[in-house]
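One structure is given here, and the rest of the page talks about it.
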Amino acid sequence: MTGTSKEETVVPDVVLDITHEVCPMTFVHTKLKLEEMRAGQVLEVLLSGGEPLQNVPRSVKYEGHKVLKLEPVGDNKYKLLIERGSD
């Protein structure tokens, strides 16, 4: 079987690693990067578990962006795919 969902085939336009940041800077860096992007572009964020994992996805949804995928990548790190919303 070769069927894949849209989320599995998304190639990010920009990658941001915030694994060494702490809250609230994790969301600040994510928000600033999203502000540099155009609507519809995809941002891949690498983040750590705990507060960043709880706060960043929730905050980007609140800001009007779409969380496409959130998956573990090992060693308490996660990959978050965000589609930038319109202004």
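The values are calculated or read from the model by the stated rules, or taken from the named source; none is laboratory data. Computed from a predicted structure; not experimentally measured. Note that each Cβ is placed from the backbone with ideal geometry, even for glycine, and that neighbours are counted across all protein chains shown.
A compact table of results
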{"item": "Test: residue in the range 64-82 that is buried (at least 18 other Cβ atoms within 10 Å of the Cβ), among the hydroxyl-bearing types (Ser, Thr, Tyr), at pLDDT 95 or above and under 13 Å from the mean Cα position of the chain (by Cα)", "result": "yes"}
{"item": "Condition check for Ser86: polar (S, T, N, Q) and within 12 Å of the chain's Cα centre (by Cα)", "result": "no"}
{"item": "Selection from the range 43-87 of residues that are without any contact (Cβ under 8 Å) to a residue 12 or more places away in the chain and of a type in the set (D, E, K, R)", "result": "Arg58, Lys61, Glu71, Asp75"}
{"item": "Subset of the range 37-63 that is closer than 14 Å to Val14 by Cβ and over 9 Å from the mean Cα position of the chain (by Cα) - its residue that is surrounded by the most Cβ atoms within 10 Å (Cβ to Cβ)", "result": "Met37"}
{"item": "Those residues of the range 55-87 which are assigned to a loop (DSSP other than H, G, I, E, B) and farther than 16 Å from Val22 by Cα, in sequence order", "result": "Glu63, Gly64, His65, Asp75, Arg84, Gly85, Ser86, Asp87"}
{"item": "Selection within the range 68-87 - under 12 Å from Glu35 (Cα atoms) and of a type in the set (S, T, N, Q)", "result": "Ser86"}
{"item": "Residue match in the range 13-28 (condition: in a strand (DSSP E or B), surrounded by 12 or more Cβ atoms within 10 Å (Cβ to Cβ), in contact with a helix residue (DSSP H, G or I) (Cβ under 9 Å, 6 or more places away or on another chain) and in contact (Cβ under 8 Å) with a residue 40 or more places away in the chain)", "result": "no"}
{"item": "Residue in the range 33-45 that is assigned to a loop (DSSP other than H, G, I, E, B), touching a Gly at 6+ places or on another chain (Cβ under 8 Å) and farther than 18 Å from Leu70 by Cα present", "result": "yes"}
